[in-house]
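What follows is a single structure, written as structure tokens, with notes after it.
The values are calculated or read from the model by the stated rules, or taken from the named source; none is laboratory data. What you see is a predicted model; the values in this text were computed from it and never measured. No Cβ is skipped: glycine too gets one built from the backbone with ideal geometry, and neighbour counts run over all protein chains shown.
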Amino acid sequence: MPFISIVVPVYNVEEYLSYCIESILIQTFNDYELILVNDGSTDNSASICDFYCKQSSKIKVIHQENKGVSAARNLGIRESVGEYILFVDSDDWLEKSTLEVLHKEAKNFKYSIVIFGWNSCGELNIKNPMSALDVKEKENIIDVAYNYANGYYYGSSCNKIFLNEVIKDNNIYFNETIKIGEDNIFNLEYLSYCDSCKVINDILYNYRKRSGSATTKFNAKDIVRGYVKGEHSLIKTYKKNNSFEEFKIALCVHYIYTFHGYISRLFKYGSSVEYHEKIKFIRYILDEFKYLQLDNEIDISLLRGGLKWSGYLFKIGSVRLIYIVYLFNHLKLKYKSNIK
């Protein structure tokens, strides 16, 4: 059994795919398998996958019809045999020593999850190190979940390694009905089954920020509807494994964090959306979120920084006040970026 299975979902990324794969093949630690799941690409991505598969016995290529990133990752999970699983997006890349560092951290203690720093690469390169943390008692995992919900550990599943047996023993898979934010649901569900966690400040993952990628597209109602479905299933999971009361605080914090994210995206990526459509969308978000029935559980004092005013706005529930505050904040950020 290899130490780690690296699962890479692939869809129409011929421009970046070789760089991603090469960053894995040149790792200073070699006890891994690489699973490339071609999700019905219509460019040359499939051929690139097959080419590299012929070059290395460590690589397994699976071709499927286009079903989305979650379905591709889930297939990779099912095919994986490593002790740990690392997810890498096909337009991103690893540092040369990524696997060596992760093996060093996990070889002497079998952590349920290891979280590490990442680099955001776009117009500006932003380093995102983590504050080191070592948790070896299950009762302290709730602190990790709370920090995660508050945005400390990055919402992606790509700057973390997960124990394969925890995933498969508890049937934890990505929700294939969610378009954006599926990583958050997966991570929060996984944390409820963890009994240990290591957070390291090493920057080991490089996220390529580009227009047109899944995380920068704005597709309003599908996104919100998918989130509510995912969050509802997460609540059911927490209740099923008797962790709802314990994880309720983290869930509520994540609730506001996501609310803030969706409204912010409305103004950042929805510049062509008319005023009345924005108002309708904000009202839609409030109505959908109230379906989860967590309103009365939200404690504003547990929210950090700017999330506090998002929490107040959500509780007040005034659509036009939310519009005015977020429009002002958007214009303020735009002004600051223009004068730099």
Check your understanding: Just wondering, is there one or more residues in the stretch 3-19 that are free of Cβ contacts under 8 Å to residues at least 24 places away in the same chain, out of contact with any strand residue (DSSP E or B) (no Cβ under 7 Å at 6 or more places or on another chain) and polar (S, T, N, Q)?
Key -> no
Review point. In the list 70, 41, which residue meets the criterion of being under 11 Å from residue 9 (Cα atoms), at pLDDT 95 or above, surrounded by 20 or more Cβ atoms within 10 Å (Cβ to Cβ) and more than 21 Å from the chain's Cα centre (by Cα)?
Key: 41
Practice item. Kindly establish whether residue 256 is under 15 Å from residue 180 (Cα atoms), at pLDDT 80 or above and of a type in the set (A, V, I, L, M, F, W, C). Key: no
Exercise for review: Identify the residue in the stretch 121-133 that is part of a strand (DSSP E or B) and polar (S, T, N, Q) and, among all such residues, is surrounded by the fewest Cβ atoms within 10 Å (Cβ to Cβ).
Suggested key: 125
Review point. Just for helices (runs of 4 or more DSSP H) wholly inside the stretch 134-193: which have at least 2 residues that are touching a residue at least 60 places away in the same chain (Cβ under 8 Å) and under 23 Å from residue 83 (Cα atoms)?
Key: 164-169, 182-191
Exercise for review: Kindly establish whether residue 189 is out of contact with any strand residue (DSSP E or B) (no Cβ under 9 Å at 6 or more places or on another chain), more than 22 Å from residue 321 (Cβ to Cβ) and at pLDDT 85 or above.
Suggested key: yes
**Study point:** Single condition residue 87 does not satisfy, out of (1) more than 24 Å from residue 13 (Cβ to Cβ); (2) in contact (Cβ under 8 Å) with a residue 40 or more places away in the chain
**Key:** (1)
Check your understanding: Just a yes or no: is a residue in the stretch 153-165 surrounded by fewer than 17 Cβ atoms within 10 Å (Cβ to Cβ) and hydroxyl-bearing (Ser, Thr, Tyr)?
Key -> no
**Study point:** Residue selected from the stretch 249-308 under the condition without any contact (Cβ under 8 Å) to a residue 60 or more places away in the chain, loosely packed, with under 14 Cβ neighbours inside 10 Å and outside any helix (DSSP H, G or I), by the criterion farthest from the chain's Cα centre (by Cα)
**Key:** 274
Exercise for review: From the list 75, 133, 102, 163, pick out the single residue that is closer than 15 Å to residue 198 by Cα and either small (Gly, Ala, Ser) or out of contact with any Cys (no Cβ under 9 Å at 6 or more places or on another chain) (or both).
Suggested key: 102
Exercise for review: Assess whether residue 81 counts as being β-branched (Val, Ile, Thr), surrounded by fewer than 19 Cβ atoms within 10 Å (Cβ to Cβ) and assigned by TED's automatic domain parsing to the domain that holds residue 47.
Suggested key: yes
